[in-house]
Amino acid sequence: MSNTQNSDQKLGQLIKTGLKEQALSMRKLSSLTGIDTSTISRIANNKQKAKPSHLQQIANHLKIPLITLMQAAGYEIEDKEKTSSSDMYTSIDTIQEVLISSKFLDQPVTIEQIQQELSKYEQFALTKEGQQKIVQEFEAKVEQVMGTGPFIMELKKMYKTYCGETNSIEKRTILGSVLLYFILSTDIIPDYVFPFGYLDDCLAVQIGLERLSKLGV
């Protein structure tokens, strides 16, 4: 039996166990993820290789770390300790240089694109629905990505500050937009694009920190 077959069987078992633990049927998971029930069934029964985009959605709803599913599916994942050095996350210029020059991306990613995405979340961050999403899903997302390093530390600080009761509307808008960018799965760079999947989140954090510094925070 090939390694690929072993990986597929391991993935199928993970999905079936996750469905049971979350009390979900394949049909319900299909409704939540937008993936056809037949596709989920084929993946879970080792008859179809899962795409990274499938795995990201499955990870979100079965509460299984994405990297665990990726590895189980046979994808080669680089050591995050080697690919996420602190130097990579300390400079907007450095992050942007990596994003623009990366051959793994279909097109360059710029600061302007990240800023546009953040602006879309600003008003949502002030709504009751947006606030609930941040409070209810932030810690789960941190656990899902198994994040370590400066950008996760800064996000945790932002989350703690966001949950405080003495924030101005402008400050809360900035914090909320960055947190929502991290939580929601509509990133400019999909999280499953290793090792670059969270560089845009890092950039969003840096943009948020710069905006906060201008407020004297």
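The values are calculated or read from the model by the stated rules, or taken from the named source; none is laboratory data. Owing to the predicted nature of the structure, the values given are computational and were not obtained by experimental measurement. Please note: Cβ atoms are built from the backbone with ideal geometry, for glycine as well, and neighbour counts cover all protein chains shown. Just the protein is used for accessible areas: all its heavy atoms, side chains included, with ligands, DNA and RNA removed. Shrake-Rupley method; radii C 1.70, N 1.55, O 1.52, S 1.80 Å.
Among the candidates 51, 20, 28, which residue alone is modelled with pLDDT under 90 and surrounded by fewer than 17 Cβ atoms within 10 Å (Cβ to Cβ)? Break it down into steps so the answer makes sense when it comes.
Working: 20 fails: modelled with pLDDT under 90; 28 fails: modelled with pLDDT under 90.
Of 51, 20, 28, the one residue that is modelled with pLDDT under 90 and surrounded by fewer than 17 Cβ atoms within 10 Å (Cβ to Cβ) is 51.
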Only residues in the stretch 160-174 that are outside any loop (DSSP other than H, G, I, E, B) count as the first member; pair them with residues that are hydroxyl-bearing (Ser, Thr, Tyr) and modelled with pLDDT of 90 or more, Cβ under 7 angstrom, at least 6 apart or cross-chain, and list the lot.
172/162
Note on residue 138: of the conditions (1) at pLDDT 80 or above; (2) under 19 Å from the mean Cα position of the chain (by Cα); (3) open to solvent by 20 Å² or more (accessible area, probe 1.4 Å), unmet is (3)
Is it fair to say residue 157 is among the basic types (Lys, Arg), modelled with pLDDT of 65 or more and over 20 Å from residue 128 (Cα atoms)?
yes
Close pairs from the stretch 122-140: first within 13 Å of residue 183 (Cα to Cα), partner of a type in the set (Phe, Trp, Tyr) and part of a helix (DSSP H, G or I), Cβ under 7 Å, at least 6 apart
130/124; 134/162; 138/159
Of the residues 82, 133, 120, which single one is modelled with pLDDT under 70 and either assigned to a helix (DSSP H, G or I) or acidic (Asp, Glu) (or both)?
82
Residue 95 vs. criteria modelled with pLDDT under 60, touching a helix residue (DSSP H, G or I) at 6+ places or on another chain (Cβ under 7 Å) and assigned to a helix (DSSP H, G or I):
yes
Just one of (1) closer than 23 Å to residue 136 by Cα; (2) modelled with pLDDT of 85 or more trips up residue 36, so point out which.
(1)
Would you confirm whether any residue within the stretch 183-192 is modelled with pLDDT of 85 or more and either surrounded by fewer than 24 Cβ atoms within 10 Å (Cβ to Cβ) or closer than 24 Å to residue 58 by Cα (or both)?
yes
